[in-house]
1. Just one of A:VAL221, A:VAL209 is part of a helix (DSSP H, G or I) and either under 20 Å from A:GLU136 (Cβ atoms) or among the hydroxyl-bearing types (Ser, Thr, Tyr) (or both); which is it?
2. Show the residue pairs meeting these rules: Cβ distance below 6 Å; 6+ apart or different chains; first residue within the range A:57-74 and more than 19 Å from A:GLU190 (Cα to Cα) and β-branched (Val, Ile, Thr); second residue surrounded by 14 or more Cβ atoms within 10 Å (Cβ to Cβ) and at pLDDT 75 or above.
3. Looking at the structure I just gave you, is A:ALA29 touching a helix residue (DSSP H, G or I) at 6+ places or on another chain (Cβ under 7 Å), buried (at least 21 other Cβ atoms within 10 Å of the Cβ) and more than 10 Å from chain B (Cβ to nearest Cβ)?
4. Which condition does B:LEU32 not pass, out of (1) within 10 Å of chain A (Cβ to nearest Cβ); (2) modelled with pLDDT of 90 or more; (3) within 28 Å of A:SER39 (Cα to Cα), if it passes all the others?
5. Any idea which of B:VAL25, B:VAL52, B:VAL42 is modelled with pLDDT under 90, part of a strand (DSSP E or B), crowded, with 19+ Cβ neighbours inside 10 Å and among the hydrophobic types (A, V, I, L, M, F, W, C)?
6. Considering every residue within the range A:18-39, establish whether at least one is part of a helix (DSSP H, G or I), basic (Lys, Arg) and farther than 30 Å from B:SER80 by Cα.
7. Would a scan of the range A:56-73 turn up a residue that is in a helix (DSSP H, G or I), surrounded by fewer than 16 Cβ atoms within 10 Å (Cβ to Cβ), out of contact with any strand residue (DSSP E or B) (no Cβ under 8 Å at 6 or more places or on another chain) and within 12 Å of chain B (Cβ to nearest Cβ)?
8. What are the pairs with Cβ atoms under 6 angstrom where one residue, in the range B:11-40, is under 26 Å from A:ALA132 (Cβ atoms) and the other, located anywhere, is among the aromatic types (Phe, Trp, Tyr)? Sequence gap at least six, or different chains.
Amino acid sequence: MGADIKQLRTRIKSVDSTLHLTKAMGLVASSKIRRATESMNRGKEYAAALTETVEQLSTYEECRKSPYMKATDGDRLCLLVVAGDRGLAGGYNANIFRLLKEYPDAEIIPVGKRACDRFPGKLLYAEHFTYADAKEIADRICREFIEGKFDRFGVVCTKYISLMSQEAYVRWLLPLQMSESAKSVSAVFEPDEITVLNAVIPEYVAGMVVASVKESFAGEVAARRVAMDSAGKNAQEMIDRLGLEYNRARQGAITQEITEIVAGSGS
Amino acid sequence: MKTFPLKISSPEGDLFHGEAVKLIVRGVEGELAVLAGHIPFVTPVKTCDCKVELEDGEEKIGTTDGGLLTVSGEKVVLLSGSFAWKE
């Protein structure tokens, strides 16, 4: 009986320290949520403005001749994978890698510590990802796309739907999709349409990559908070249950001792 | 003075969103000013100081690290990879 009580006490202690850990991680995540969502919204504004401009540009006849708009039948893919910097964020990283399994032959550019651990490439943290990093990647992607090293480029990232739900998806960026909705208007291009479009595409890719990374990071932080909340709840439940067991065992030991003493004094 | 809606956007978000009287930037072919009623126009922008004149006469100056200027019928958008207002 004594060993049982000791074992229970050790378990309660260990679950309690896990509870502390999840609480602390949850707190860190919630303090980061506000900053991450603000940054995500700013990135979204830029992405929206960029998309609008590129959509408008793509309606001009001249721009349709750009190599960026040529859709090819090939299936060589290049994917930028945005995963988290750390684990313990529920299904956040697993969802990304599960989605990635659908594209086994793609060339991968990793962003985020977890992705960098799996794939070769420069170590880039999702939390501290800057426009300069994105521009470097975008310039390379655009150059290789024109050279014909791959046929499609996309970003595997996480859509931030709400604090409670995020969804992994692929955002295809190249070749540019022609938009049906934008209406064609004439405009003056300086120096000419192709130069303008070719100058703006690397900016567009970089802008979209930054926006995707920021959105994914907000998703990571939110996922971690929710995961830590439920882990904390589970730990508390476990402590309660173990506490009950411990008390019962202790009570049992005391009762037995009393019975033994009474039996001893009676004889 | 007539005004036009101007938006200056960078990855840090929209840094200006409102009415302006005049915008001066340096395009690839040289410096240019945009006033209300400008024809639809698109040009890449070089690294330069960018002046925005507001309706009350106030002049704001910022620095852009390249970008793209789009003037369409209804609004003017300056997209910049990195943009900062000067104090």
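The values are calculated or read from the model by the stated rules, or taken from the named source; none is laboratory data. Keep in mind that this is a model prediction, so the values were computed, not measured. Cβ: placed from backbone, ideal geometry, glycine included. Neighbour counts: every protein chain shown.
1. Numbers: A:VAL221 fails: either under 20 Å from A:GLU136 (Cβ atoms) or among the hydroxyl-bearing types (Ser, Thr, Tyr) (or both).
Selected residue: A:VAL209, the only one of A:VAL221, A:VAL209 that is part of a helix (DSSP H, G or I) and either under 20 Å from A:GLU136 (Cβ atoms) or among the hydroxyl-bearing types (Ser, Thr, Tyr) (or both).
2. Going by the 6 Å Cβ cut-off, the qualifying pairs are A:THR72/A:ASP151.
3. Details: touching a helix residue (DSSP H, G or I) at 6+ places or on another chain (Cβ under 7 Å): yes; buried (at least 21 other Cβ atoms within 10 Å of the Cβ): yes; more than 10 Å from chain B (Cβ to nearest Cβ): yes.
It is true that A:ALA29 is touching a helix residue (DSSP H, G or I) at 6+ places or on another chain (Cβ under 7 Å), buried (at least 21 other Cβ atoms within 10 Å of the Cβ) and more than 10 Å from chain B (Cβ to nearest Cβ).
4. (3)
5. Details: B:VAL25 fails: modelled with pLDDT under 90; B:VAL52 fails: modelled with pLDDT under 90.
Checking each option against the conditions leaves just B:VAL42.
6. To start, the set of residues in the range A:18-39 that are part of a helix (DSSP H, G or I) comprises A:18-39.
From what is left, the residues that are basic (Lys, Arg) are A:23, A:32, A:34-35.
After this cut, where a residue has to be farther than 30 Å from B:SER80 by Cα as well, the list is A:23.
Yes, because at least one residue in the range A:18-39 is part of a helix (DSSP H, G or I), basic (Lys, Arg) and farther than 30 Å from B:SER80 by Cα.
7. For the range A:56-73, residues in a helix (DSSP H, G or I), surrounded by fewer than 16 Cβ atoms within 10 Å (Cβ to Cβ), out of contact with any strand residue (DSSP E or B) (no Cβ under 8 Å at 6 or more places or on another chain) and within 12 Å of chain B (Cβ to nearest Cβ): absent.
8. Every condition considered, the pairs that remain are B:PRO11/A:TYR46; B:PRO11/A:TYR131; B:LEU15/B:PHE83.
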